[in-house]
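See below for the structure under consideration.
The values are calculated or read from the model by the stated rules, or taken from the named source; none is laboratory data. Just so it is clear, the model here is predicted, and its values are computed rather than measured. Neighbour counts are summed over all protein chains in view; Cβ atoms, including those assigned to glycine, are modelled from backbone coordinates with ideal geometry. SASA here: full protein model, heavy atoms, side chains in, ligands and nucleic acids out. Shrake-Rupley method; radii C 1.70, N 1.55, O 1.52, S 1.80 Å.
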Amino acid sequence: MTATLQNHIAEFCAKVPSHIRVIAVTKTVSVEAMRAAYAAGIRDFGENRVQEAETKRAELKDLTDITWHFIGHLQSNKAKSAIEIFNWIQSVDSLKLAERLDRLAGERDRKPQVCLQVKLMNDPSKSGFSVSELWEAIPQLEKIEHLQIRGLMVIPPFDLESDATLALFHQAKELAEKIRLESNLQIDQLSMGMSDDYALAIQAGATMIRPGRILFGARF
Ligand SMILES: *Cc1c(COP(=O)(O)O)cnc(C)c1O
């Protein structure tokens, strides 16, 4: 069973251009399946719950070269643990959270890499900076010392058609370019694309994709 899964994941990765980082989204996925993904070459795992990631990290501690990415909404009372567990926090969705993480990272002498989660379309079910909030926050974000602000993370509304999804991904790419040119932030990453739209995301310039179901099957 795990050999089949390993082959399936290896085949998926072989089709993805080599400059794209595949973040395997493993929320609800077993550690056995994660080991199969690791055997297939996956080194980046994405989780959306701090507690679940903490448990899995302990169970997988023999695999020392995993990079852990947080991709969910981070509650402020979990920020401290998140700093300790994750190498990347892709879902920094407010200035308040960024400043809190900055302080916590400074106290622990850490410097996690982060993405700013941006909401390019109104979507009440998702958190994130609106474009205007993001521009407004940039002067404060530029003062942050203990986070490496590396890029933008985008999640399209789930029922968007593919033309509109592609347009949204292009818009994300342009926004990242503009921020790089017009601020001191060293934005060089664009995290976008899940199981149903990763090909569109790659087409529009994603540097990281976040597939889950297409690697591991449906979540229950
Ligand atoms: C669940 C999730 C994914 C993966 O979604 P799939 O549809 O399983 O590929 C990617 N990114 C985020 C932020 C998620 O919450």
Members of the stretch 111-154 found to be open to solvent by 20 Å² or more (accessible area, probe 1.4 Å), within 19 Å of the chain's Cα centre (by Cα) and modelled with pLDDT of 95 or more, listed by number: Lys111, Gln113, Lys119, Leu120, Ser130, Val131, His146, Gln148, Arg150
Quick check, is Lys119 in contact with a strand residue (DSSP E or B) (Cβ under 8 Å, 6 or more places away or on another chain) and of a type in the set (D, E, K, R)? yes
Name the residues in the stretch 53-83 that are part of a loop (DSSP other than H, G, I, E, B) and either within 23 Å of Glu99 (Cα to Cα) or open to solvent by 60 Å² or more (accessible area, probe 1.4 Å) (or both), would you? Lys61, Asp62, Thr64, Asp65, Ile71, Gly72, His73, Leu74, Gln75
Looking at (1) of a type in the set (A, V, I, L, M); (2) touching a helix residue (DSSP H, G or I) at 6+ places or on another chain (Cβ under 7 Å); (3) more than 10 Å from the ligand (Cβ to nearest atom); (4) outside any loop (DSSP other than H, G, I, E, B), which is the one condition that is false for Leu215? (3)
Filtering the stretch 7-41 down to residues that are within 15 Å of the chain's Cα centre (by Cα) and not polar (S, T, N, Q) yields Ile20, Arg21, Val22, Ile23, Ala24, Val25, Lys27
Which pairs have Cβ atoms under 7 Å, sit 6 or more apart or on different chains, and link a residue in the stretch 8-32 that is within 16 Å of the ligand (Cβ to nearest atom) to one that is modelled with pLDDT of 95 or more and polar (S, T, N, Q)? Ile20/Thr207; Arg21/Thr207; Lys27/Asn48
